[in-house]
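Visitor: Just dropping this structure here.
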Amino acid sequence: MNTRISQLRQESFEAEPAISIERALLETEFYREHNGKYSQPVLRARLFHYLCVEKTIHIGAKELLVGERGPAPKVVPTFPELTCHSVADLQVLNSRAMTRYRISEEDIERYQQEVIPYWQGRSMRDRIFNEVPPEWQDAYECGLFTEFMEQRAPGHTALDNTIYRQGMRDFKERIDERISRLDYHHDPLASDRYEQLSAMAIACDAMILFAHRHADLAEELATEEADGTRRQELELIARVCRRVPEHAPRTFHEALQMYWFVHLGTITELNGWDAMSPGHLDQHLSPFYRREQARGSLSREQAKELLSCLWIKINNHPAPPKVGVTALESGTYNDFTQINLGGLLCDGQDGANEISYLALEVADELHLLQPQPSVHISAKSPDRLLKAASRVIRKGYGYPAVFNSDAVVMEQVRVGKTVEDAREGGTSGCIETGAFGKEAYILTGYLNVPKILEITLNNGHDPLSGKQVGLETGDPRGFNSFEALYTAFSRQLTHIIDLKIRVNNYIERMYAKYSPAPLLSVVISDCIEKGRDYYDGGPRYNTNYIQCCGIGTITDSLSAIQTHLFEQKTVSWDELLQALADNFQGHEALRLKLWNKTPFFGNDDDRADTIMQLVYESLFAAIDGRANTKGTVYHLNMLSTTCHVYFGKKLGATPNGRLAWQPASDGTSPSHGADRQGPTAVIKSLSKMDQSKSGGTLLNQRFLPSVLKTEQDLDKLCALVRTYFRLGGHHIQFNVVDTATLRLAQQSPDDYRNLLVRVAGYSDYFVDLDADHQEEIIKRTEQQLG
Amino acid sequence: MIRGTIFAIKRYALHDGPNIRTTVFLKGCPLACSWCHNPEGLAPQPHPLWSGDRCLGCHSCIRACPRQALQFQAGSIRRDPDQCDGCGECARICPARAHEMAGWQSTVEEVMAEVEKDRPFFDQSGGGVTFSGGEPLLQPRFLLALLEAAGEEEIHRVVDTSGYAPREVLARIAPHTDLFLFDLKHLDPAAHRRHTGVDNGGILENLHFLASHRYPLRIRVPLIPGINDDPDHIRRLGELVAALPGVDAIDLLPYHHSATAKYRKLNIPYPQEQLRPDDTRIDALVERLRQFDLSVRIGG
């Protein structure tokens, strides 16, 4: 790491996340003046243009890549049109101990006077909550599911290589050409398409202008710059910003700046979940790198420096602060930008190249919270790539996560994407599969599957609130077979999914109508050709996902009932229900019997694993193929991010011996402490799930550093990964850390600021996690190898 | 149906032979090494283990015991060893795993079903099954049947042995074994008797037998401070191993005290609980062995 990078990295590390009210003020002013004058897409595009003209811009000392979402690094704007923070929200954000966002009292006051009065009742969140039916509200409040779209825009978007071949000018030409082909006589939606396309053209102009403002600033700074080297750098920055994004990039530097401007534009236009991701960055950059290497205009070290600058840029953009229940779901600065490395080329050849290795080196040297590099391994991937990844994994940063390209392709081809598009696709967010640059794959919310069993055991009522939140499927004492119980559970499941989809449909149309994303639509195929917005079915592929949580907890709970109530008949319904109602207080012998004497998921034990398959099939039947509002369908995926902690807090004691309010199982991992046969057994259990029917699964494995010391240890880790992938696994990630270190970190967080850990699908700083997450990490079964 | 007694099957074993393996521990050992880290494998028959700290005091074990071998005395469950026949009812009923069984009877088919579960990992990594103990050669008919079954399944087979077995047993086993891990403890006959309870004459003869017939072999030496780690003994080991035909490597397994908890469960004192040899000492011994042109590895 050279001095520039180490300085930028240090600054990034020290910058404190803060809230800027600039965007909110500009937006409020704009809406007061213009709302109602234009079609909604044009209104949104003009707002974006206005922001690009008016927002404060910033070029930091030593920077080579430029552009900030807020007025300075780690300063985050708000999006009151989606969710308007209250004064109390802002005060909490400013004062809370974990993941704090600084904001001054003056700004809070200004927000109260100028922003809140306008958006109250007008924000998307307010309008959604005013409209949802009471039974949805009850189910939502008791923690049966979450709703992603209530305060951030649908997102998880990743790009393909289009922006490296076309600049905004090229996009505008395509837009004009498409407008010229509009058939107002035979296409009843031609006028809508015109509005949409016009909005896209405005967004392109805004991007060019935004870049030129940076060019102007760089030139201005250059004239004042005393240092000759820096002056030249600033002049170079100015030239780059005059070139991209107006035109397609020609150099490695321009390619990175191109991506960064597009990234910034899309996260300024709206605050889509998981920011924006570059997709297969190594594949996109490789042609530029090779060309410049051949010409001798770029050394490996220079390429690494520029790549490091992008890493730091992404780290300087924390997630926008949330309000309400989602603050509990995931309290983190991480905005989930994921960078795919390796994988397959669209013609099916191995996609790894020198940038894959450079990027791993950068991730290793900088070890920042964001971005999250992931390594994509196909049967064609060289062992060198997996081995290089394992050398970073053993450092204990929690990344890179490892994905199975062949499975990711299969998942997409199953749902009708072309194999080429599927190969150009990959994973974004945590583990979500999508066709990069061509798909809106919208995560709609997490489903608390163990909670569905809980309400089934309470005849449709939530025992914590006492409210009826599901169907009355009967007193469980009347279930005299496992099948009778399971039938009630699956009826309940379908009912909850119906409820969720009903409101998803409503919210989806709200976004299509009121919050179009013209810039995002420019860069995602085929929005221009269709003349439709990203949120309105414009992309080539449109998928909705419901993320199912707690497969370990539900499987183990059903297995416990099956084993002790129906097979061995040593526990009665009365005993079990009383023990659950009492949170096992006074029933410790029963709790231990359930916990110790039940076949659990994660042990390669068919008695439990067949129950997992049964539940998975029920989830699939209830979700897959359900219609969304875009004429396309829902699929399921299997991740929890950190939501299993929130869901656990909403969940009483469960029949697997888990106490009330403890976390549910994460991702598709076994329940904490339930896997007792080592990692190969966990992998075998997971491989019994037909993962290609999902849009991604998530398997966390924690290893102590002592077992990854030698080259042979790493070989065995690689063999473990390769075997899982041969068996159809989608994803695996490793936490390499020892418990003693984590305990020390709890006692003196300041001494362990750089301690990164993997929490279900992403990395965070351990000391920034709340106590529950910390305890959970410590408790996870240590896969003591050998 | 051939049955034997085993006391553990461990998957993703990383130090019992090459690559990813499943280790099957056969119960019973004719040696009584003072440092033994698998004391629950010493006795040939199954017997209960007891962890008092887990006991809830529910007394379900007392009610379940068909031979009334258990009693509640002075705040704890006491087992009458003369009454207990190792049937395992207490372990079956105990919700808290305070009673556990060391060992159970198993058929060749049952063991192989468990071993085959990790076949994809063996195929990928080049690993396989390891038969360890106890002393696996103490159950020759069972071991041979297991080796033959694994051979038919094309699973790579390792036998981890002390070498203390009749020659004819070893000769029967050897052609069905892909690799021996031969645990050599001490070269001095008196010291060997003192610390393991048996003579090492037959062991050394067996070692030469395997080497001279070129059966694939790895020598492993548990490094026990104060017992076999003096430089002179290490030098003699080096000479011996270097002279064996076809053997050019030696593994040193430094003593670790992870067995302490096992002795507590067995309710017997740990005869050799002591410190792990320090790294500088190990490094010096490694250097000494390398002088014999041996490749030396720490750990298996």
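Visitor: Report the residue count in the range B:97-123 for those that are within 14 Å of chain A (Cβ to nearest Cβ) and crowded, with 22+ Cβ neighbours inside 10 Å.
Guide: 6
Visitor: So, one more: Only one of B:I2, B:I93 is under 28 Å from B:R119 (Cβ atoms) and either more than 14 Å from chain A (Cβ to nearest Cβ) or surrounded by fewer than 20 Cβ atoms within 10 Å (Cβ to Cβ) (or both); which?
Guide: Unique residue meeting the criteria: B:I2.
Visitor: Another question, then. If A:D364 satisfies all but one of (1) under 21 Å from the mean Cα position of the chain (by Cα); (2) modelled with pLDDT of 95 or more, what's the number of the condition it fails?
Guide: Condition (1) is where A:D364 drops out.
Visitor: Could we say that A:A440 is modelled with pLDDT of 95 or more, among the small types (G, A, S) and assigned to a helix (DSSP H, G or I) here?
Guide: No: the conditions fail for A:A440.
Visitor: Of all residues in the range A:684-713, which are part of a helix (DSSP H, G or I), among the basic types (K, R) and under 26 Å from A:S428 (Cβ atoms)?
Guide: Hit for the range A:684-713 is A:K693, nothing else.
Visitor: Still on this structure, I have one more. For the range A:565-578, state whether one or more residues are within 14 Å of chain B (Cβ to nearest Cβ), in contact (Cβ under 8 Å) with a residue 40 or more places away in the chain, hydroxyl-bearing (S, T, Y) and over 25 Å from A:S428 (Cβ atoms).
Guide: There is no residue in the range A:565-578 that is within 14 Å of chain B (Cβ to nearest Cβ), in contact (Cβ under 8 Å) with a residue 40 or more places away in the chain, hydroxyl-bearing (S, T, Y) and over 25 Å from A:S428 (Cβ atoms).
Visitor: Something else about it: Among the residues of the range B:21-65, how many are more than 18 Å from the chain's Cα centre (by Cα), surrounded by 23 or more Cβ atoms within 10 Å (Cβ to Cβ) and within 12 Å of chain A (Cβ to nearest Cβ)?
Guide: Matching residues across the range B:21-65 total 1.
Visitor: Just name the residue that is nearest to A:T610 (Cα to Cα) out of those in the range A:684-731 that are more than 9 Å from chain B (Cβ to nearest Cβ) and small (G, A, S).
Guide: A:S685
Visitor: So which of A:K451, A:K513 ends up being surrounded by fewer than 24 Cβ atoms within 10 Å (Cβ to Cβ) and either in contact (Cβ under 8 Å) with a residue 60 or more places away in the chain or more than 23 Å from A:I546 (Cα to Cα) (or both)?
Guide: On the way: A:K451 fails: surrounded by fewer than 24 Cβ atoms within 10 Å (Cβ to Cβ).
Being surrounded by fewer than 24 Cβ atoms within 10 Å (Cβ to Cβ) and either in contact (Cβ under 8 Å) with a residue 60 or more places away in the chain or more than 23 Å from A:I546 (Cα to Cα) (or both) holds for just one of A:K451, A:K513, which is A:K513.
Visitor: Out of (1) in contact (Cβ under 8 Å) with a residue 40 or more places away in the chain; (2) away from chain A (no Cβ under 14 Å); (3) not hydroxyl-bearing (S, T, Y), the odd one out for B:E148 is which?
Guide: Condition not satisfied by B:E148: (1).
Visitor: Let me ask something additional. From the list B:D118, B:D160, B:D199, B:D183, which one is acidic (D, E), farther than 23 Å from B:L294 by Cα and in contact with a Ser or Thr (Cβ under 9 Å, 6 or more places away or on another chain)?
Guide: Values: B:D160 fails: farther than 23 Å from B:L294 by Cα; B:D199 fails: in contact with a Ser or Thr (Cβ under 9 Å, 6 or more places away or on another chain); B:D183 fails: farther than 23 Å from B:L294 by Cα.
Result of the check over B:D118, B:D160, B:D199, B:D183: B:D118.
Visitor: Now for a separate question. Which of the residues spanning the range A:223-261 are surrounded by fewer than 19 Cβ atoms within 10 Å (Cβ to Cβ), among the hydrophobic types (A, V, I, L, M, F, W, C) and under 23 Å from A:L298 (Cα atoms)?
Guide: Correct list: A:L236 only.
Visitor: Could you give me the residue pairs with C-beta distances under 9 Å whose first residue belongs to the range A:601-614 and is under 16 Å from A:I683 (Cβ atoms), whose second residue is acidic (D, E) and assigned to a helix (DSSP H, G or I) wherever it lies, and which are 6+ apart or on separate chains?
Guide: A:F601/A:D556; A:F601/A:D609; A:G602/A:D556; A:G602/A:D609; A:N603/A:D609; A:A608/A:D556
Visitor: Now for a different question. I'd like to know if the range A:360-373 contains one or more residues that are closer than 30 Å to A:T632 by Cβ and not aromatic (F, W, Y). Walk me through it before giving the result.
Guide: First, pick out the residues of the range A:360-373 that are closer than 30 Å to A:T632 by Cβ: A:371-372.
From the residues that got through so far, the ones that are not aromatic (F, W, Y) too are A:371-372.
Looking through the range A:360-373, at least one residue is closer than 30 Å to A:T632 by Cβ and not aromatic (F, W, Y).
Visitor: Could you grab me the full set of residues in the range A:732-741 that are of a type in the set (A, V, I, L, M), away from chain B (no Cβ under 14 Å) and in contact (Cβ under 8 Å) with a residue 12 or more places away in the chain?
Guide: Those that are of a type in the set (A, V, I, L, M), away from chain B (no Cβ under 14 Å) and in contact (Cβ under 8 Å) with a residue 12 or more places away in the chain: A:V736, A:V737.
Visitor: Residues that are crowded, with 24+ Cβ neighbours inside 10 Å and under 25 Å from A:T629 (Cβ atoms): does the range A:456-465 have at least one?
Guide: No, every residue in the range A:456-465 fails to be crowded, with 24+ Cβ neighbours inside 10 Å and under 25 Å from A:T629 (Cβ atoms).
Visitor: Moving on to the next point. Working only within the range A:676-706, note down all residues that are at pLDDT below 95 and surrounded by fewer than 20 Cβ atoms within 10 Å (Cβ to Cβ).
Guide: A:R676, A:L704, A:P705, A:S706 - these are the residues of the range A:676-706 that are at pLDDT below 95 and surrounded by fewer than 20 Cβ atoms within 10 Å (Cβ to Cβ).
Visitor: Can you go through A:A719, A:A681 and tell me which one is out of contact with any helix residue (DSSP H, G or I) (no Cβ under 6 Å at 6 or more places or on another chain), of a type in the set (G, A, S) and not in a loop (DSSP other than H, G, I, E, B)?
Guide: A:A681
The values are calculated or read from the model by the stated rules, or taken from the named source; none is laboratory data. What you are looking at is a predicted structure, and each value in this text was computed from that prediction instead of being measured. As a convention, Cβ positions derive from the backbone with ideal geometry for all residues, glycine included, and neighbour counts pool all protein chains shown.
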